[in-house]
Amino acid sequence: MTKWKDGIAKITLPTPFPVGDVNAYLIQGERLTLVDVGPKTEESWHSLTEQMADLQLSPKDIEQVVLTHHHPDHAGMLDFFPPSLEVYGHPLNERWIHPTETFFQEQEEFFKVYFHEFGVPAEYFSLLSKLRKTLKYSCDRSLTGHLVEGMRPHGLSDWQVIETPGHAQSQIALFREKDGILIAGDLILAHISPNPLLEPPAPGELERPKPLLQHNDSMNKLLSYPIQSAYTGHGEEIIQLSELIEKRLTRQHERAMTVYNWLKEEDLTVFEICQRLFPTVYQRELMLTISETVAQLDYLSSIGEISSSVSMPKRYQA
Ligand SMILES: [Zn+2]
């Protein structure tokens, strides 16, 4: 039974993705706000409708949406709402929630260049033309307005925006100072570590983002806020946030050191490391596992433990 607690109602929606259910949050601000909307599936829409009925509400009552980030499990269902619904989020949501042909081509080109650098064999390059299909459960609509660091969303004057890139370049969290409640998106989850996904550079930028380094910075940034509890994009709330952040950072370091030890033995390409890290899934989930592998190398480079050759594909050495 969905109910209000501290002016927030947690709505859990089914998704067609391996991650399972996604959480959206209704907030009773000056405007009734839904934070994230779920994927574009009939099941998810029915589930939202039923859970809102528990509160004597319907999706029609929602006055605005705030997106924590652009991923289809969080944003896709926007397509089921009337076009007049106001949607707010970080500007970097736009290229994903309202993708243009130019963006699809840029994305393909970006990964093509990096697949060469990573030593990905030719047989996998056909994946690149299928990238746009990963947006099947996503939406096609624009943001009404932008939310960036320090802003208070219209109609949510108790809440401030904290930019938390890493898992997605577009990711933000919402923080309410008066009781220390955080809505964290997928920055940190109680049961799993979110993937540091590779994305093309933001418009006007030349270098690719280093999502794991951003993710670690975003987690460290949260340590400076007096957070009492965090509502997350998947699974249960987190009460002891700082302990969990420390645990995640330690575990992350250990994982990278496994790769470091391999690189002490021999020079390897990103693809070769990916095969070792994910022997049973790399073929099926190449984009995910490559992102995860690059993350380890970005981290080891940032702490000065490894270097790479200038040849293509690049070979890494400890
Ligand atoms: Zn996500």
Can you give me the long-range amide H partners of Thr269? Hydrogens built in the peptide plane at 1.01 Å from N, cutoff under 5 Å, separation of 5 or more residues or another chain.
Tyr316
Which value, in debye to the nearest 20, describes the size of the charge dipole of the stretch 178-220 about its Cα centre when Lys and Arg Cβ atoms bear +1, Asp and Glu Cβ atoms bear -1, and nothing else is charged?
60 debye
Set Lys and Arg Cβ to +1 and Asp and Glu Cβ to -1, take the dipole of the stretch 76-177 about its Cα centre, and tell me which of Gln107, Ile97, Leu78 lies farthest positive.
Leu78
Dipole of the chain, positive direction: furthest Cα of Ala202, Ser170, Ser126, with charges on the beta-carbon
Ser126
Furthest towards positive pole of dipole, Cys139, Val161, Leu182, structure part the stretch 126-223, Cβ charges
Cys139
Which value in Å is the Kirkwood Rh of the stretch 13-119 over different Cα pairs?
15.2 Å
Step through the residues of the stretch 257-269 one at a time and calculate ³J(HN,Hα) from phi using the Karplus curve (6.51 cos²θ - 1.76 cosθ + 1.60, θ = phi - 60°), rounding each to whole Hz and writing x for Gly and Pro.
5, 4, 5, 4, 5, 5, 6, 6, 7, 7, 6, 9, 8
For the peptides 30-36, 274-280, what is the packing order when you average, over each peptide's residues, the other Cβ atoms within 10 Å and list the highest mean first?
30-36, 274-280
For the stretch 153-163, what does the Karplus curve 6.51 cos²θ - 1.76 cosθ + 1.60, with θ = phi - 60°, yield as ³J(HN,Hα) per residue in whole Hz, taken in order and with x for Gly and Pro?
x, 3, x, 9, 5, 7, 10, 10, 8, 10, 6
Please report the spacing between the Cα centers of the stretch 95-153 and the stretch 246-263 in Å, no decimals.
28 Å
To the nearest Å², the heavy-atom accessible area per residue of the stretch 108-248 with 1.4 Å probe amounts to 45 Å²
One-quarter of the Cα convex hull surface for the chain, in nm²?
16.1 nm²
Rg/Rh for the stretch 143-265: what does it come to with C-alpha atoms and Rh from Kirkwood?
1.01
Size of charge dipole - the stretch 29-141 - debye, nearest 20, with Cβ of Lys, Arg +1 and Asp, Glu -1, no other charges
260 debye
Using the structure shown, list the pairs from Lys264/Lys314; Lys221/Lys247; Lys112/Lys210; Lys210/Lys264 with a Cα-Cα distance above 19 Å, or answer none.
Lys210/Lys264
What list of ³J(HN,Hα) values in whole Hz, one per residue of the stretch 184-191 in order, does the Karplus curve 6.51 cos²θ - 1.76 cosθ + 1.60 (θ = phi - 60°) give from phi, with Gly and Pro shown as x?
9, x, 9, 4, 9, 10, 5, 10
Kirkwood Rh over alpha-carbon pairs of the stretch 1-67, then Stokes-Einstein at 4 °C and 1.567 mPa s: what D in µm² s⁻¹, rounded to an integer?
108 µm²/s
Under a point-charge model restricted to the Cβ atoms of Lys and Arg (+1) and Asp and Glu (-1), what is the dipole moment magnitude of the chain relative to its Cα centre, in debye to the nearest 20?
220 debye
List the residues, sorted by chain then number, that are 5 or more residues from Val66 or on another chain and whose placed amide H is less than 5 Å from its amide H.
Leu34, Val35, Asp36, Tyr88
Any chance you could tell me what percent of the C-alpha pair distances in the stretch 203-318 go past 23 Å?
40 percent
So for the pair Glu43, Glu149, with labels modelled 7 Å out along Cα→Cβ, what separation do we get in nm?
4.0 nm
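The values are calculated or read from the model by the stated rules, or taken from the named source; none is laboratory data. All of these numbers come straight from a predicted model, not from anything done at the bench. All Cβ positions, glycine included, derive from the backbone under ideal geometry; neighbour counts span all protein chains shown. These accessible areas exclude ligands, DNA and RNA; they are computed on the full protein's heavy atoms, side chains included. Shrake-Rupley method; radii C 1.70, N 1.55, O 1.52, S 1.80 Å.
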